[in-house]
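First up is the structure itself, then whatever we jot down about it.
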Amino acid sequence: MTRNTHFRISNVNDFYQVPCDADFDEVTIETRHLKHEGVIQLALRRALAAIKTGGVIRILDDSAERQRISPYLINFPTVRALCLICLGADCSLTPNVNQGELLFTRHTDKTSPGWSAGIIFSGNDSELPTLKRCLDGLLKQSELTGPSGEVIVCGPKRDLAFLDPYPMVRYLAFDVEFEGHFPIALKKNFLMAAMKFPRMLVLHARIVLDENALSNTPNEFDILSPNVFIETTRGREPNVCYVALDSRWPNQHPKIPVLTTRHISPMKYLKLLKHRKPYVNGGAFAVSRVVFEKCPLNPQLKWGDCEDVEWCLRAQTLGYGVDLALHFTAISLTNMVRDQSIIPLRLATPLRRYMQVVRSWKQRVHYHVRRLLLE
């Protein structure tokens with residue numbers, strides 16, 4: 001069977017078709033429709049991951065005839081600048097090609113094999129059952145159990161008898177004196193700096209990967225979110241794992257409601273990017289070593305300081321992509337969404353009853369307005 005050597009990205013639907021093990025000779029990106037969907041940067045990084053060393057990325061932009069200076073319009077100079085930011089470190093730009101065309105040739109090597117996975121552990125005995133479920137999920141990944149894989153638990157110094165059934169798991173002690181909120185970004189940086197392999201997975205103990213989930217990740221990525229679900233009486237439902245927020249954050253008040261994979265099917269997650277920038281939930285993410293070394297988490301940010309938001313927005317400014325892998329699936333043992341149950345009306349006072357009804361309708365209206373904004 002002849003290998004397909006070329007791939008074309010001209011609309012959002014093409015994104016979902018890029019294979020995990022892509023190794024194309026050439027990827028063509030047509031920007032016309034991608035501009036309106038807010039996915040040009042992600043398309044550039046996807047294309048880089050999908051070509052082999054020596055492969056070519058061809059960008060076609062039909063606005064080249066309208067040379068305007070304004071950066072508020074995504075015209076050809078803006079597209080060229082974005083391409084240089086996203087691809088310049090890995091590719092060489094070919095000069096003097098056709099008008100409206102940019103040609104980049106990849107000169108960096110493909111990422112070598114290897115996965116490291118680390119669990120953020122509080123050290124409390126009450127969390128041990130949850131931690132063991134997380135470990136069991138990780139050890140079902142063939143990428144982590146061979147010579148090019150490792151599993152680490154990062155927590156405070158304590159008795160390690162609970163790891164006796166897991167001789168292949170390494171414990172990394174993190175003991176830092178602090179006041180106030182926990183230095184979660186510092187702990188994650190500490191954990192990732194100790195990892196050996198080029199692909200790094202960081203999980204809070206509440207996340208349990210599905211069997212062979214890692215085999216469904218792209219061979220190359222920047223910052224990647226697993227597709228996380230919660231288990232309810234209705235079966236599996238999407239959890240908050242990939243979030244898109246108004247790009248004005250944090251300097252201005254958001255003008256558009258925040259949307260997540262709870263508001264739209266993860267199978268259509270790219271719709272979230274039309275008017276927003278994405279970030280991954282800090283409870284579960286994968287990152288390449290190159291991205292971490294150039295853009296670690298801000299160690300000054302502590303628990304509750306939106307360290308995952310700041311990190312992802314800063315990484316995108318540097319030209320990296322923040323993506324979601326649809327078939328890299330997991331479940332969360334903790335529901336990130338506030339419990340929507342209410343006190344039975346027969347037990348409530350008239351005022352509380354009224355407020356419950358108002359809140360219920362307000363939640364329904366907000367939910368449907370958010371969905372309509374995506375149409």
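The values are calculated or read from the model by the stated rules, or taken from the named source; none is laboratory data. What you see is a predicted model, and the numbers here were worked out from it, not measured in a lab. Note that each Cβ is placed from the backbone with ideal geometry, even for glycine, and that neighbours are counted across all protein chains shown.
Structure summary
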{"item": "Residue in segment 215-226 that is without any contact (Cβ under 8 Å) to a residue 60 or more places away in the chain and of a type outside the set (A, V, I, L, M) present", "result": "no"}
{"item": "Pairs with Cβ under 6 Å, 6+ apart, first in segment 299-320 and under 16 Å from W249 (Cα atoms), second hydroxyl-bearing (S, T, Y)", "result": "D308/Y279; V309/Y279; C312/Y279"}
{"item": "Pairs, first over 21 Å from E293 (Cβ atoms) in segment 175-200, second among the charged types (D, E, K, R), C-beta under 9 Å, six or more apart", "result": "D175/K157; V176/K187; F178/K302; G180/K302; H181/K302; H181/D305; F182/K302"}
{"item": "Residue in segment 324-333 that is at pLDDT below 75 and not in a helix (DSSP H, G or I) present", "result": "no"}
{"item": "Residue list for segment 132-161, filter: in contact with a strand residue (DSSP E or B) (Cβ under 9 Å, 6 or more places away or on another chain) and in a helix (DSSP H, G or I)", "result": "R133, C134, L135, D136, G137, L138, S142, E143, L144, T145"}
{"item": "Long-range neighbours under 6 Å by Cβ, at least six apart or interchain, first residue more than 16 Å from G283 (Cβ to Cβ) within segment 228-248, second surrounded by 23 or more Cβ atoms within 10 Å (Cβ to Cβ)", "result": "A244/L259; A244/L272; A244/P278"}
{"item": "Evaluation of V153 against (1) over 23 Å from the mean Cα position of the chain (by Cα); (2) in the same structural domain as R314 (by TED's automatic domain parsing) (one fails), failing number", "result": "(1)"}
{"item": "All positions within segment 287-311 that are in contact with a Pro (Cβ under 7 Å, 6 or more places away or on another chain) and either surrounded by 20 or more Cβ atoms within 10 Å (Cβ to Cβ) or farther than 20 Å from M195 by Cα (or both)", "result": "K302"}
{"item": "Qualifying positions in segment 106-129 - over 21 Å from I51 (Cβ atoms) and assigned to a strand (DSSP E or B)", "result": "W115, S116, A117, G118, I119, I120"}
{"item": "Criterion violated by A22 - all others in (1) buried (at least 17 other Cβ atoms within 10 Å of the Cβ); (2) within 23 Å of the chain's Cα centre (by Cα); (3) not in a loop (DSSP other than H, G, I, E, B) satisfied", "result": "(3)"}
{"item": "Some residue of segment 236-246 being closer than 20 Å to V169 by Cβ and either crowded, with 22+ Cβ neighbours inside 10 Å or touching a Pro at 6+ places or on another chain (Cβ under 8 Å) (or both)", "result": "no"}
